[in-house]
1. Can you name the condition, by its number, that Ser14 falls short on among (1) away from the ligand (no atom under 16 Å from the Cβ); (2) open to solvent by less than 30 Å² (accessible area, probe 1.4 Å); (3) more than 28 Å from Phe306 (Cα to Cα)?
2. Among the residues of the range 170-203, what is the count of those that are buried (at least 16 other Cβ atoms within 10 Å of the Cβ) and at pLDDT below 85?
3. Run Asn243 past the list (1) away from the ligand (no atom under 16 Å from the Cβ); (2) outside any loop (DSSP other than H, G, I, E, B); (3) not acidic (Asp, Glu) and report the number of the one that doesn't hold.
4. May I ask you to list the residues in the range 186-227 that are over 20 Å from Ile16 (Cβ atoms) and in a loop (DSSP other than H, G, I, E, B)?
5. On the given criteria, is Phe365 open to solvent by 30 Å² or more (accessible area, probe 1.4 Å), closer than 16 Å to Ala74 by Cβ and either in contact with a Cys (Cβ under 6 Å, 6 or more places away or on another chain) or in contact (Cβ under 8 Å) with a residue 24 or more places away in the chain (or both)?
6. Would you please name the residue that is nearest to Val266 (Cα to Cα), looking only at residues in the range 290-345 that are without any contact (Cβ under 8 Å) to a residue 60 or more places away in the chain and in contact with a Gly (Cβ under 8 Å, 6 or more places away or on another chain)?
7. Out of everything in the range 249-280 that is within 17 Å of the chain's Cα centre (by Cα) and open to solvent by less than 10 Å² (accessible area, probe 1.4 Å), what residue ends up being nearest to Gly67 (Cα to Cα)?
8. So is Phe32 more than 13 Å from the ligand (Cβ to nearest atom) and either in a helix (DSSP H, G or I) or open to solvent by 30 Å² or more (accessible area, probe 1.4 Å) (or both) or not?
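The values are calculated or read from the model by the stated rules, or taken from the named source; none is laboratory data. All values derive from a computational prediction rather than experimental measurement. Note that we place each Cβ from the backbone using ideal geometry, even for glycine, and neighbour counts take in every protein chain shown. Accessible surface areas use protein heavy atoms only, side chains included; no ligands, DNA or RNA. Shrake-Rupley method; radii C 1.70, N 1.55, O 1.52, S 1.80 Å.
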Amino acid sequence: MSEQPRASFGGKLSAILVAAGSAIGLGALWRFPYIAGKHGGAAFLLVFLLSILVVGIPAMLAEFAVGRTTRKNAVGAFRSLSKRWSWLGYSGILGALLISGYYYLIAGWSLEYFVNSMSGALYSSSASFKDQFDTFQGSWRPLVYGVVFILMTHFIVSRGVEKGIEKASKIMMPMLFVILIVMAVRVAFMPGAAEGYRFFLSCDFAEAFKAETIMVAIGQAFFSLSVGMGCMVTYASYFKDDNNLMTTSMNVSLLTLLVSVLAGLVIFPAVFSAGLEPTEGPSLVFVTLPEIFNGMPFASLWSLIFFLLVILASLTSTISFHEVLTAYFAEEFKVTRKTGATITTIISIVLSAITFGKLFGVDYFGIFDYVTANALMPLGAMFTCVMVMWFMKKDFMKNELTNYGMLKSRTATFIMFMLRYITPLLIFYIFLKNFL
Ligand code: PHE
């Protein structure tokens, strides 16, 4: 295995699309619009943008640097930089395991809704959409679809870094953007859409700059940018040597922000136009939206397109945390990629079954989600920043950001300042506030 050169993503655009694929997912599509609407609308956008600039981009760059310079899986990467820091790699593996314990299940829900839109069953049933969702939740089908989602992910990841992950992202990401834009335009023509824009975009600075809101925004930045759990380390290990890490991270962040905003511009005008109340999380997507589609001509078609969007966005995210584990098993246990992927898939199925079955009556959804977003990812990101700036060779970060002097270094100087002082301190402060 070590004879072969390590796989790498084709070019600049591939690197951006693959990393943006990891970032853009359920976080942007249904977590963001609701929190933005609730926490000050357009003003929240500003706070989110600041969180991305101050915390998200620097932390992503620290991970990119670790991954590209070592060209190893998360554990191998941290260990080869410094034995004392290899635990950071393991914390990433733990994060990937926890996310695998619930993300596939949620992603699977949209498969059921996609299939039921296609067959027309969703819109011909006499049961209300709320009842349909509850019946679905009470059945075995969420687990079945969750497993199907894992197998779809497995199929892509096991085909390899270039033929699987890169190719899939290059097809699915453009589709995702087209669908979002088509839907945003369609929704703009619904009567009463303006009310929705008002809800989503009206500016409430007092709300947006509350300490609690800032915390929410930073948490969203971590989750949505896939930062703090070895994901970007693993992906960057496939970047080319001349990749401009700074522009890659900025493009990824920009695309994530763009999709988050577009999602809000689709969801809220539609909700208000239908005379409904915006709700949170699952019921927004699986109860409110079907109700809206139902009132539109070609209900099944719009519904089909929307759930395809959710599937595409989730799939490019699930392949990224599947890859974290696949690369880890393959490289650390010296098995083939296919075997690494198979081990990952089996573990993901077991974890999903445990979550679904509420083993010992525990709410794993809530716990896994809380622990990853509020502890593992922030702390992982914080220690990565500390490690690269304080415990590596003096010019480690500078060399990575400027490709050993090939790129201009003014932005790099600014980013390094953030990385050394501001970003880790801010994360630590938020973390303490969250727990005390
Ligand atoms: N960023 C993804 C989303 O918003 C979730 C994710 C987190 C993916 C961490 C990989 C790693 O849905």
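1. (3)
2. 3
3. It fails just one condition, (2).
4. Across the range 186-227, the qualifying residues are Phe189, Met190, Pro191, Gly192, Ser202, Asp204, Phe209, Lys210.
5. Working: open to solvent by 30 Å² or more (accessible area, probe 1.4 Å): yes; closer than 16 Å to Ala74 by Cβ: no; either in contact with a Cys (Cβ under 6 Å, 6 or more places away or on another chain) or in contact (Cβ under 8 Å) with a residue 24 or more places away in the chain (or both): yes.
When the stated conditions are applied, Phe365 does not pass them.
6. Step by step, filter the range 290-345, then rank; the result is Phe329.
7. Kept after step one, since they are within 17 Å of the chain's Cα centre (by Cα), are these residues of the range 249-280: 249-264.
So of that shortlist, the ones also open to solvent by less than 10 Å² (accessible area, probe 1.4 Å) come out as 249, 252-253, 256, 259-260, 263-264.
On the way: Ser249: 13, Val252: 16, Ser253: 18, Thr256: 21, Val259: 26, Ser260: 27, Ala263: 31, Gly264: 33 Å.
That would be Ser249.
8. Working: more than 13 Å from the ligand (Cβ to nearest atom): no; either in a helix (DSSP H, G or I) or open to solvent by 30 Å² or more (accessible area, probe 1.4 Å) (or both): yes.
In short, no.
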